[in-house]
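Structure first, then comments.
The values are calculated or read from the model by the stated rules, or taken from the named source; none is laboratory data. Computed from a predicted structure; not experimentally measured. Quick reminder, even Gly has a Cβ in these numbers, built from the backbone with ideal geometry, and neighbours come from all protein chains shown. Calculation scope for accessible area: heavy atoms of the full protein, side chains included, ligands and nucleic acids excluded. Shrake-Rupley method; radii C 1.70, N 1.55, O 1.52, S 1.80 Å.
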Amino acid sequence: NAGVTQTPKFQVLKTGQSMTLQCAQDMNHNSMYWYRQDPGMGLRLIYYSASEGTTDKGEVPNGYNVSRLNKREFSLRLESAAPSQTSVYFCASSEWFRGQPQHFGDGTRLSIL
Amino acid sequence: AQKVTQAQTEISVVEKEDVTLDCVYETRDTTYYLFWYKQPPSGELVFLIRRNSFDEQNEISGRYSWNFQKSTSSFNFTITASQVVDSAVYFCALSEAGYGGSQGNLIFGKGTKLSVKP
């Protein structure tokens with residue numbers, strides 16, 4: 001299926017471990033996003049990238065780093081995972097500007113023990 | 001401050017009924033965008049519609065229709081002849097047309113869970 005591909009779908013980590021969530025889109029979109037979804041809180045923006053080589057902090061960036069490797073790929077890294085980062089993570093892309101996600105990946109369910 | 005209110009937490013209907021999901025928003029900006037997203041039980045997020053503040057025309061897409069009324073700050077979503085596959089959580093969201101800082105963040109409502117029973 002064309003669109004936004006996000007890996008992995010599930011991951012369990014121990015506190016302090018690191019990992020990278022991968023995201024790629026094949027729609028030639030400039031804008032890409034990382035969101036987290038927690039129960040009762042909707043989606044909250046972690047980081048945003050308007051184009052290759054540029055990234056911008058969102059509402060909840062602490063504890064995360066991102067890398068816009070090229071136009072297609074936008075990765076999210078947890079350097080030292082904490083239980084508070086247990087969440088469902090969504091990558092998204094868009095042909096529009098900041099704050100307007102259009103196509104989403106299937107999500108990553110991340111549990112930090 | 002921006003705010004999106006979806007007062008209906010859960011709605012249950014029987015298949016083929018029409019159902020309207022309410023969305024009321026608050027913003028001081030004159031330029032903004034409104035969205036609806038669907039999140040079925042499988043968990044993925046599906047974009048449904050984007051509407052800018054200068055376009056008050058109602059929109060229809062198959063069984064889905066949207067009623068945008070700036071006078072009441074509402075952007076309601078109607079599903080006609082509902083089907084079981086429409087069962088999902090539906091989120092309304094607001095984005096102000098800013099280009100940096102906190103502007104432009106997408107503000108979500110808490111969602112309305114729609115259950116369509118056969």
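Listed values, structure above:
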| quantity | calculated |
| --- | --- |
| Selection status of A:L110, more than 14 Å from every other protein chain (Cβ to nearest Cβ), under 21 Å from B:G43 (Cα atoms) and touching a residue at least 24 places away in the same chain (Cβ under 8 Å) | no |
| B:L106 vs. criteria among the hydrophobic types (A, V, I, L, M, F, W, C), at pLDDT below 90 and closer than 29 Å to A:G58 by Cβ | yes |
| Residues satisfying the stated conditions in region B:23-32, i.e. open to solvent by 60 Å² or more (accessible area, probe 1.4 Å) and in a loop (DSSP other than H, G, I, E, B) | B:R28, B:T30 |
| Long-range neighbours under 9 Å by Cβ, at least six apart or interchain, first residue at negative phi within region B:63-79, second surrounded by fewer than 16 Cβ atoms within 10 Å (Cβ to Cβ) and of a type in the set (F, W, Y) | none |
| Residue satisfying all of: in region A:40-60; assigned to a strand (DSSP E or B) and facing chain B (nearest Cβ under 7 Å); surrounded by the most Cβ atoms within 10 Å (Cβ to Cβ) among these | A:L43 |
| Some residue of region B:50-72 being loosely packed, with under 12 Cβ neighbours inside 10 Å, closer than 30 Å to A:S87 by Cα and within 14 Å of chain A (Cβ to nearest Cβ) | no |
| B:L45 over 12 Å from the mean Cα position of the chain (by Cα), farther than 12 Å from B:L21 by Cβ, within 14 Å of another protein chain (Cβ to nearest Cβ) and buried (at least 18 other Cβ atoms within 10 Å of the Cβ) | yes |
| Hits in region A:67-107 - residues which are more than 10 Å from every other protein chain (Cβ to nearest Cβ), among the polar types (S, T, N, Q) and open to solvent by less than 70 Å² (accessible area, probe 1.4 Å) | A:S67, A:N70, A:S75, A:Q85, A:T86, A:S87, A:S93 |
| Odd one out for B:V89 among (1) modelled with pLDDT of 95 or more; (2) among the β-branched types (V, I, T); (3) surrounded by fewer than 17 Cβ atoms within 10 Å (Cβ to Cβ) | (3) |
| Condition met for A:Q37 (among the polar types (S, T, N, Q) and facing chain B (nearest Cβ under 10 Å)) | yes |
